[in-house]
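Novice: One structure is given below, represented as structure tokens, and several questions about it will come after.
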Amino acid sequence: MQERIRNFSIIAHIDHGKSTLADRLLQITGALTAREMREQFLDKMDLEREKGITIKLQPVRLNYTARDGKTYILNLIDTPGHVDFSYEVSRSLAACEGALLVVDASQGIEAQTLANVYMAMDLNLEIIGVVNKIDLPGAEPEVVKQEMEDVIGLDKREIIAISAKLGTGIEDVLEAIVAKIPPPHGDEGAELRALIFDSYFDSYKGAISYIRVDSGVLRKGDIIRMMATGKDFEVTEIGVLSPFMTTVESLSAGEVGYLAAAIKNVADTKVGDTITGAIRPATEPLEGYQEVKPVVYCGLYPLENTDFEKLRDALEKLKLNDSSLLYEPEASDALGLGFRCGFLGLLHLEIVRERLEREYDLTLLATAPSVIYRILLTDKSEVYVRNPSHWPDPQRIDKVMEPFVKASIMVPNEYVGTIMELCQEKRGSFINMEYLTPHRVMISYNLPLAEILVDFFDGLKSRTKGYASLDYDVRGYEVSELVKLDIMLNGETVDALSSIAHKDKSYYRGRALVERLRKIIPRQMYEVAIQASIGNRVIARESVKAMRKDVLAKCYGGDITRKKKLLEKQKEGKKRMKQIGRVEIPRDAFMTVMAIDSDK
Amino acid sequence: MGIYIHIPFCLHKCDYCDFYSVPVTNLSLLEDYTCSVINELKLRKNEIDCPFTTVYLGGGTPSLLSPVQIERILATVFAHYQSQGEPEISMETNPATVNLTKLQDLRAAGVNRMSIGVQSFSDQDLKTLGRIHNGRDASAVLSDVSKAGFDNFNIDLIYGLPGQTLAAWHENLSQAMNFNPPHVSAYLLQLDQSTPLARKIEAGILNMLDDELEASLYYFTLNYLQGQGYQHYEISNFAKPNRECQHNLLYWRGSRYLGIGSGAVSFDGQQRNLNQPPLDNYIEALLDHRLPPIKILETMDAGQRIIDVIIMGLRLTEGISRDDFQQRFGIDLLKDYQDIISNCQLQGLLELENDRMYLTKRAYFLSNQVLSQFID
């Protein structure tokens, strides 16, 4: 049985064509009828389809009859392609024996892809090189193959050139999966051990876990035990995704599928945990994943204060398949009750926020993202600050430290100068530079994480016509000269608008911030004074003049309906505002605190 | 109860206008339309169970019809609908489309109130607006209106035009005063998207005035016209005592109205229906003695009706009456909208006096801030 199973993932940089390749695999293996097919089929979230990016594909089981006449089960377990989600890569890879490395024929290898390939190699996965988009005018498949040989050590003669868009070469990919990736070899007779590599919450079935059975057999009706918590559950349903949920009676060693066990408490099914049988439990769990720690925090507040519990519930459910999301309740004078949430990066933050709004029907306010500052106080104690409004009194501060990262930037050599310039602007210090090929350079910099969060990636892309790619590792804390920048509206400090800035940039930031707020705060019945201050010193001031006009000059019998609709729209607009004291602020204002640097 | 008759023809569409109108291609179209209106009046006579007090011929450009055609329409109204007292019969007029004779004929046809679309006495302004008349046409027609025997007439003016100054607007108002009009409507220029004027503004060829100046022009108008003996009775309307437009008051007081003609809207107390353009469909149906296609714009339940009446009523300086709401809807206005009302009072936007509630002077030009709060 296991001889006919191949478990693989796809490693690709965002935009290198992973979803399209997956679509082709589904089509060629006949997993979908023409009627069922739609683009980016395995992108589960609307969000992904809209943004045209893939965070992670849904796992899928394909039946493929190879050229040797035998039918194989191919399980695709995807890896995310964005730097924010690199931690997830390890979970997916751990459930596979091989990986397709997909590289865009006009872009070449990107920094993030490289990091993920190294991870796969460390796990002894078989790597199959694929050069995609060979149909594009700028495609240079031979150059890219050479690069893959030079940088990763693949044999360039074995790299498959394809166009997922046109369907060219897809069969060769399937054949390579069958021929090169080793089948799993778990012991069916041993105790059950299955790895949970993903899960989500279904309101009818409870928590659904995606699992890979490593050894033993899992059957419907079995009593299973979660090895991390020791809790037991009865399996109510097991099945495979082909790509729709299809129930099966059992899943044996080497197989991939899903499991439902009426698990109501989301905390009971942890991604990375090992499932075993309650009657004949295994002694050792499978190797789990590293717990990843969020590096960015922001406050999420319901626009309607009464939605606080609803938000708590939504966060709890989201966390089920996003173990990296952390949250804890906090209170803001301006915004009421909400949660301080930790994320892996800004994309992660944005996705969580949008999912909360769409999937849980919430309207949220997000405060400016912040890294975690480490502050040594004069009394020798130390505090970690994740919320700028909790910044200690400067009198009590001895030293402030902020997280730094080692950023690895991969770029064609003609852009080295402009990249170094950008890194200097962002308070970076040069570590080293390495030629990967005669034309591709890997530059390493030591940079404050806070600087990378804001618009560093956009800066990289715009300075290099999109050719630069970035990977980074958090290295540790370093001392920095940082100050807290406060914003006052009509003389009252709005805690949710406070931010931390480097001393040298604080004056500029303060001015830019009040200017921005002046533009986005609509005119109100009374004049609104906006001030930026550091400590007790006001460094910038602007004002929004009082509203003078808001009138429908004409309203007669023929257009009453239309005029009422205008008023309705106006009322709707008001609902998107947050009342702070007597001032109404658009809810996006809080995020603009961070966007300031990009205006330069 | 009022009857509105829409005449959707224009010689040239003004640059700021996004209402439905069609160019006049030949005179037989006007005749077909007249017959259609007459047929519609006949077909719908049973919709009304109470006498009418006003007729309003609006457009478009009603003055494109001949006095005879107007007379035939009005004769049909009086033949098939019961009137009460001496109804006000208003008609909108473009200064470029009438002369003394025509005005006299229209007076004889039964029209007793003229509303003249002057908009401005400045040729520069009129060019900006894309009007087909000039300042001299306007003055001539205004002299003729009185001569023709209209003791009741209105001058329509627009302020807030690109490039307009307070002095220029003052000049406009004082020129209007030369004709001693019983009624003045002064409208802030509203920029409707997809009009030629809006495109010019977008392209930066013309610039709208800033809110401060617009507000100054408005409050200047209030003070100036009050000084000239006019009562400010609606956000944009001014009248000598007892010269308010009775037809428009019906709208603002939440009454029912019958809308006749292509593009006209009717209101039966619950529902607003539009006689759906285009014109051809309207004419085709009615020449065949069938009712034209309609579109239901809105159907209101009791709660929505109340809001409707509040929103319209607060446009009037007299405001709305608590007793009236008690009688009409059985609700206590002050109780049901207590939060909104006290909030607006606090902001100095609403005032209560005896049983009435009305906007403060400051709130006229900020009225949406009040009205939108009442919307559900």
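Where a number appears in this text, it was derived from the coordinates with a stated rule and is not lab data. Fair warning: this is a prediction, and the values are worked out from it, not measured in the lab. Virtual Cβ from ideal backbone geometry, glycine too; neighbours counted across all protein chains shown.
Novice: Sort A:337-348, B:194-205, A:197-208, B:40-51 by the packing proxy (mean of other Cβ within 10 Å over each peptide's residues), most packed first.
Specialist: Numbers: A:337-348: 21.9, B:194-205: 13.2, A:197-208: 17.8, B:40-51: 14.7.
My ranking of the peptides, most packed first, is A:337-348, A:197-208, B:40-51, B:194-205.
Novice: Okay, moving on. Across 10 Å bins from 0, what is the distribution of all Cα-Cα pair distances for the stretch A:159-288, in whole percents?
Specialist: The calculated distribution, bin by bin, is 13, 40, 26, 15, 6, 0.
Novice: Another question, then. Nearest 500 deg cm²/dmol is fine: what mean residue ellipticity at 222 nm does chain B get from its DSSP H runs of n ≥ 4 alone, each adding -39,500 (n - 2.57), divided by its residue count? Provide the component values of the computation, followed by the final result.
Specialist: Numbers: 16 runs with 158 residues, N = 376.
Estimated from H runs of four or more residues: -12500 deg cm²/dmol.
Novice: Do the sum for chain A: with -39,500 (n - 2.57) for every DSSP H run of n ≥ 4, divided by all residues, what is the mean residue ellipticity at 222 nm, to the nearest 500 deg cm²/dmol?
Specialist: Details: 13 runs with 154 residues, N = 600.
For chain A, the value works out to -8000 deg cm²/dmol.
Novice: I would also like to ask the following. Cα to Cα, under 15 Å, and not fewer than 8 places away if on the same chain: which aspartates and glutamates meet these conditions relative to A:Lys264?
Specialist: The qualifying aspartates and glutamates are A:Asp202, A:Asp232, A:Glu234, A:Glu237, A:Asp313, A:Glu316.
Novice: Mind putting a number on the dipole of the protein assembly as shown about its Cα centre? Charges go on the C-beta only, +1 for Lys and Arg and -1 for Asp and Glu, and I need it in Debye to the nearest 20. Provide the component values of the computation, followed by the final result.
Specialist: On the way: 109 positive and 135 negative charges, 394 e Å.
It comes to approximately 1900 debye.
Novice: Now, a different point. Structure shown: which of A:Lys319/A:Lys578; A:Lys578/B:Lys13; B:Lys127/B:Lys295; A:Lys461/A:Lys575 lie over 32 Å apart, alpha-carbon to alpha-carbon? Write down the numbers at each step before the final one.
Specialist: Details: A:Lys319/A:Lys578 27 Å; A:Lys578/B:Lys13 43 Å; B:Lys127/B:Lys295 35 Å; A:Lys461/A:Lys575 36 Å.
Exceeds cut-off: A:Lys578/B:Lys13; B:Lys127/B:Lys295; A:Lys461/A:Lys575.
Novice: In peptide A:564-573, what is the residue-averaged number of other protein chain Cβ atoms found within 10 Å of each Cβ? Walk me through the numbers on the way to the answer.
Specialist: Working: counts 12, 3, 4, 10, 3, 2, 6, 7, 2, 1.
That average works out to 5.
Novice: Hey, what did chain A get for relative contact order, percent, Cα under 8 Å, at least 6 apart? Intermediate results must be reported in sequence, preceding the final value.
Specialist: Details: 1299 pairs, mean separation 58.4, N = 600.
Over chain A, the number comes to 10 percent.
Novice: Same structure, new question: Could I have the simple spin-label model distance between B:Asp192 and A:Asp135, label points 7 Å from Cα toward Cβ, reported in nm to one decimal?
Specialist: 4.8 nm
Novice: May I ask for the angle, rounded to the nearest 10°, between helix A:449-463 and the longest principal axis of chain A, with both axes built from Cα atoms and the value confined to 0 to 90°?
Specialist: Between helix and principal axis, roughly 80 degrees.
Novice: If you don't mind, another one. Tell me whether the stretch B:240-376 comes out rounded, prolate or oblate; compute the Cα gyration tensor, take square roots of the eigenvalues as a ≥ b ≥ c, and use a/c under 1.5 as the rounded threshold.
Specialist: On the way: a/c = 2.49, a/b = 2.13, b/c = 1.17.
Cα axes put the stretch B:240-376 in the prolate bin.
Novice: Take the alpha-carbon positions of chain A, form their convex hull, and give its projected area averaged over all directions (one quarter of the hull surface) in nm².
Specialist: Working: hull surface 128.5 nm².
Averaged projected hull area, Cα only: 32.1 nm².
Novice: So how far, in whole Å, is the C-alpha centre of the stretch A:552-571 from the one of the stretch A:378-454?
Specialist: Taking the Cα centre of each part, the stretch A:552-571 and the stretch A:378-454 sit 53 Å apart.
Novice: Run through the DSSP bridge list for chain B and note the antiparallel percent, rounded to the nearest 5.
Specialist: Details: 22 of 53 bridges.
The antiparallel fraction comes to roughly 40 percent.
Novice: Turning to a different aspect of this structure: What does DSSP give for the protein assembly as shown in terms of the percent of beta bridges that are antiparallel, rounded to the nearest 5?
Specialist: 75 percent
Novice: Given all pairs of different Cα atoms, what value in angstroms does the Kirkwood hydrodynamic radius of the stretch A:217-330 take?
Specialist: Details: mean 1/r = 0.0611 Å⁻¹.
The answer is 16.4 Å.
Novice: I've got another one for you. Would you work out the relative contact order for chain B, in percent, from Cα pairs under 8 angstrom that are 6 or more residues apart? The partial results should precede the final answer.
Specialist: Working: 653 pairs, mean separation 59.2, N = 376.
Relative contact order comes out at 16 percent.
Novice: In Å, what Rg and Dmax follow from the Cα atoms of the stretch A:436-584?
Specialist: In Å, with Rg to one decimal and Dmax whole: 22.7, 75.
Novice: Write down the Å³ per residue value for the convex hull defined by the alpha carbon atoms of the stretch A:328-381.
Specialist: On the way: hull volume 6.2 nm³, N = 54.
About 115 Å³ per residue, rounded to a whole number.
Novice: Need the list of lysines near B:Lys42 for cross-linking: C-alpha distance under 16 angstrom, and skip anything on the same chain fewer than eight residues off.
Specialist: none
Novice: What is the log10 of I(q)/I(0) for chain B, computed with the Debye formula using one identical point scatterer on each Cα and no solvent, at q = 0.06, 0.10 Å⁻¹?
Specialist: -0.23, -0.68
Novice: Shielding by partners for B:364-374, please: the mean number of other protein chain Cβ atoms within 10 Å of each residue's Cβ. List each step's numbers first, then the result.
Specialist: Details: counts 1, 6, 7, 6, 10, 7, 2, 10, 11, 4, 2.
Mean shielding by partner chains, rounded to a whole number: 6.
Novice: Per the Kirkwood definition applied to all pairs of different Cα atoms, how many angstroms is the hydrodynamic radius of the stretch B:135-235?
Specialist: Numbers: mean 1/r = 0.0667 Å⁻¹.
Result for the stretch B:135-235, one decimal place: 15.0 Å.
Novice: Positive end of the dipole of chain A, charges at C-beta (+1 Lys, Arg; -1 Asp, Glu), about the Cα centre: which of A:Ala450, A:Ala31, A:Ser506 has its Cα farthest in that direction?
Specialist: A:Ser506
Novice: Here is a further query. When Cβ neighbours within 10 Å are restricted to other protein chains, what is their mean count per residue of peptide A:540-549? Don't skip to the answer; put the middle values down first.
Specialist: Details: counts 0, 0, 0, 0, 0, 3, 3, 6, 11, 13.
Per residue, the number of nearby Cβ atoms from other chains is 4 on average.
Novice: Still on this structure, I have one more. Which aspartates and glutamates, if any, have their Cα less than 14 Å from the Cα of B:Lys240, not counting same-chain residues under 8 positions apart?
Specialist: Reachable aspartates and glutamates: B:Asp151.
Novice: Expressed as an acute angle from 0 to 90° and rounded to the nearest 10, what is the orientation of the C-alpha long axis of helix A:416-425 relative to the principal long axis of chain A?
Specialist: 50 degrees
Novice: When chain B is treated as a GNM, springs tying every alpha-carbon pair under 10 Å, which of B:Asn354, B:Asn112, B:Asn281 comes out with the largest mean-square fluctuation?
Specialist: It is B:Asn354.
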